[in-house]
Amino acid sequence: MRIIAFISLLLTALSAVAKPQLVINELQASNRTTLRTANGATPDWIELYNAGTVAADLVGMRIAINGRQHVIDAPIRIAAKGFVLLYCDGRTDEGPEHLGFSLERTGGTVLLIAADGYTILDLFTYPELPTDASMGRLPDGSKAWSFFVQPSPGTRCDKDQLTVIRTWTAAPAVNFVEVTISEQVEVTLIAPEPSVIRYTTDATPPSTSNGHIYEAPLLLPRGTVLRAMAFAPNAWPSPEVCVTLPGATPVTRSLSLVLDPQDLWSDSTGIMTHGSFANHTRSGRAWERAGWLQENGEPASPVGIRVSGSGSRGLAKRSLKVYARDGDGSAAKAFTFADGTTCDELMLRADAGPLAFLRNMLMETVVHQYGLNVEVQPSEPVEVLLNGEPWGLYRRMPPKDAEWLKQRSGAEAVDVLEGPAFVARSGSNARFLLAEQALTSGADPDSLAVRIDLNSLIDLACIDLYTGRADHDLNVRCFRPKQLGGRWRWVLFDMDLWAPAHENSVERMCAASVAETPFVPQLLSHPMLQQRLLARITALQATAFNTRSLQQLADSIHRVNAAALEADHARWSNTLVRPEPPAALEQLAQFTKERPEHLFAHLAERTGRRVREVVIEAPPAERGRLLLEGLPMPPGRHVVRCFEGVAMNLTAEPAPDHEWAGWKGARGETAQLTVDLARSGTIKVLFRPLAP
């Protein structure tokens, strides 16, 4: 009995000793370049270490931080003296190692809780961490901790041989004075003792092994990219400072991007490289590179940079997308745009040439000026510098994504669909497929209007018909606010590929084998929707698409951006075959002059309606204005093309010191008139001054 009791006691003692001893060993709350997953993501992470002598299973255990908890719901085995890495990325569908939250960059307390739900196995508190810094136990599993310059996610390293780091080095201050005579800039770098400043002027990041040691003020050429860091004994390196020194006076707003040259031109990883490794077929986080963004001389911010879009990927001048991520140390919602929206992403659109630039800017301005029923990204012309080198004229704009559309619509969530297949980029396409079925089956407008904003669809169809967009079927994006009464609306973008003025875009769009946006054959074959489409295109060609107005607007856009367009043309003239800016403006003017006659003839042929001309006289602005289908007509005498049998709405709006006095050439008892223009002569609205 004594032997049995002794063996039992021994086994009990051994089992007490042979237990897993799990600790939170290391974590990183601002991962930018340390660790990248197979899909290109750079998540925050937590490393667990088993200091015990037997393996453990994490199933049922919980990770908690700042009031949030995640239960590990599938087996994760961690060997004795082994490590497990948990990804804090919110992508729980990718496996049990992925937690339902990210770490807060500003600091917090992480708890490891046993499967019973209340026993705290370990607790680890961390402060705000610099980008790519990790914090953990030194050595593995001990109570001592340190910041690690070289994180080791999921692996053992000789941390007991590392220097304990528990302080930070202050970033160097940069002061510069422009030396006008020599076209140079004198730069002074300042950091507290005993810091040593290292700097580079070739766009590579400084480090303890790269760059020059700063000893005296520098005299550098204009446009030089200066990157600097300070290093001190037993301290974490300072945040990097990146400055593109002032260059030639920009002709428009300037924007400087800085990346390590390896991330731009490396044969296998450079996002701008050419040849067999060119980034014209790759996308996603795997092709995002860490860089810096400096706008209009403001302090530079760390960002992620990718090549964007499909049309420019095979060209030397490529569109780019810039990401302000918390892991970069950038503020959330870092970019503000002309329509008041704020986003954490920035599009830099590289138009193929001056004609594409003018077309895009012209249609964007028309949509905003006349309040047309489509969403269009606000764009701002900017001159882009890439590692200090002029890279030409771009358009700065928000991405046409769910975040932008939520702010535009005021909705908390939206369904966003893209392309001819209506692939869901956010939410679901199920409701759109029902709306499409109703449209293609010829449902009445009232039932369609429950699902579709018909004004938006008709305006998109009119714009596509007028411009004859060659890629109208590919450049499709629509959205629906996920709320009561939410209807599908369309986003207008990439307006660079217009058809020749004489091209029969009506027949081309009607010849599609499958239903496609903007659903021109469905609109024209529906008796009531055909009326609405023809009325709208009539009103647009008399107002927003009025030849004189469009030419004046195009002239204005060209005049404002002439210097930037010329500089961009000179920059890329040896690489891209494009017309010179004045020639592009002339091509656009010729199109606006010829297009209306051809388009109306093609619509008449398709619908069997005759085209007539009617004279409408709009009043001087000081008396009031005349609206055709809700669109204000420019003052003066206009010859307006119209279709027989299509009712049009005219509205007279007197100026504050005038009143409506009647119609000339049409019968109407009120300031609102519905008339078949094709059966009218000259129509004029009459106003009279108010009696004193």
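Read-outs throughout are calculated quantities, based only on the coordinates presented, and are distinct from any laboratory measurement. All of these numbers come straight from a predicted model, not from anything done at the bench. Counting neighbours? That spans all protein chains shown, and the Cβs are built from the backbone with ideal geometry, glycine included.
Phi-derived couplings, Karplus 6.51 cos²θ - 1.76 cosθ + 1.60 at θ = phi - 60°, listed residue by residue for the stretch 659-666: 9, 5, 10, x, 10, 10, x, 8 Hz, with x used for Gly and Pro.
Using only side-chain charges placed at the Cβ, +1 for Lys and Arg and -1 for Asp and Glu, the dipole size of the chain relative to its Cα centre rounds to 1040 debye. For I76, the residues whose modelled amide H falls within less than 5 Å of its own, excluding neighbours fewer than 5 places apart on the same chain, are L58, V59. The H on the amide N of R625, modeled in the peptide plane, is under 5 Å from the matching H of E653, A655, each at least 5 residues off or on a different chain.
Peptides 414-423, 295-304 ranked from most to least packed give 414-423, 295-304, packing being the mean of other C-beta atoms within 10 angstrom over each peptide's residues. Each residue, A621 and L433, gets one label point 7 Å from its Cα in the Cβ direction; the gap between the two is 5.1 nm.
Ranked by the mean number of other Cβ atoms within 10 Å per residue, highest first, peptides 355-363, 429-437 order as 355-363, 429-437. Considering only alpha-carbon pairs that sit under 8 angstrom and 6 or more positions apart, the relative contact order computed for the chain is 7 percent.
I'd like the orientation of helix 527-542 relative to the chain: the angle between its Cα long axis and the longest Cα principal axis, in ° from 0 to 90, rounded to 10. Between helix and principal axis, roughly 90 degrees. For the stretch 425-580, a Kirkwood hydrodynamic radius built from all Cα pairs, placed in the Stokes-Einstein relation at 37 °C and 0.692 mPa s, yields a translational diffusion coefficient of 185 µm²/s.
For the chain, what D do you get in µm² per second when you plug the Kirkwood radius from alpha-carbon pairs into Stokes-Einstein at 37 °C and 0.692 mPa s? Don't skip to the end; give the middle numbers.
Details: Rh = 29.8 Å.
Roughly 110 µm²/s, to the nearest whole number.
Classify the stretch 16-161 from the C-alpha gyration tensor, please: rounded if a/c falls under 1.5, else prolate or oblate depending on whether a/b exceeds b/c. Because its axes are fairly even, with a/c under 1.5, the stretch 16-161 counts as rounded.
Placing unit charges on the Cβ atoms of the charged side chains and taking the dipole of the stretch 609-692 about its Cα centre, the candidate lying farthest along the positive direction among P619, I683, A671 is I683. Report summary: the helix-based calculation at 222 nm, which adds -39500 (n - 2.57) for every DSSP H run with n ≥ 4 and divides by the residues of the chain, gives -7500 deg cm²/dmol. Peptides 67-78, 141-152, 364-375 ranked from most to least packed, by the mean per-residue count of other Cβ atoms within 10 Å: 364-375, 141-152, 67-78. The label-point distance for N234 and R667, in a model that sets each label 7 Å from Cα toward Cβ, rounds to 10.0 nm. Extension gain, T167 to T440, is 91.6 nm, computed as 0.36 nm per intervening residue step minus the present C-alpha separation.
Within the stretch 178-226, which GluC sites (Glu not before Pro) sit in a loop by DSSP and count at most 10 neighbouring Cβ atoms inside 10 Å? Don't jump to the answer; show the numbers that get you there.
Values: sites: E178, E183, E186, E215; in loops: E183, E215.
Those satisfying the criteria are E215.
Taking amide H as placed 1.01 Å from N in the peptide plane, G82 has its amide H under 5 Å from the amide H of N50, each at least 5 places away in sequence or on another chain.
Give the shape of the stretch 510-549 as rounded, prolate or oblate, defined through the alpha-carbon gyration tensor: a ≥ b ≥ c are the square roots of its eigenvalues, a/c under 1.5 means rounded, and otherwise the shape is prolate if a/b is larger than b/c and oblate if not. Oblate. What the Cβ-Cβ distance of L576 and T37 gives, at R0 = 30 Å and to the nearest 0.05, is a FRET efficiency of 0.25. DSSP finds beta bridges in the chain, and of those with both partners inside it, around 90 percent are antiparallel.
Between A79 and T342, the distance separating the two model label sites (each 7 Å from Cα on the Cα→Cβ line) works out to 4.9 nm. Dipole orientation for the chain: of the candidates M648, I113, A413, M648 has the Cα lying most toward the positive pole (charges on Cβ; Lys, Arg +1; Asp, Glu -1).
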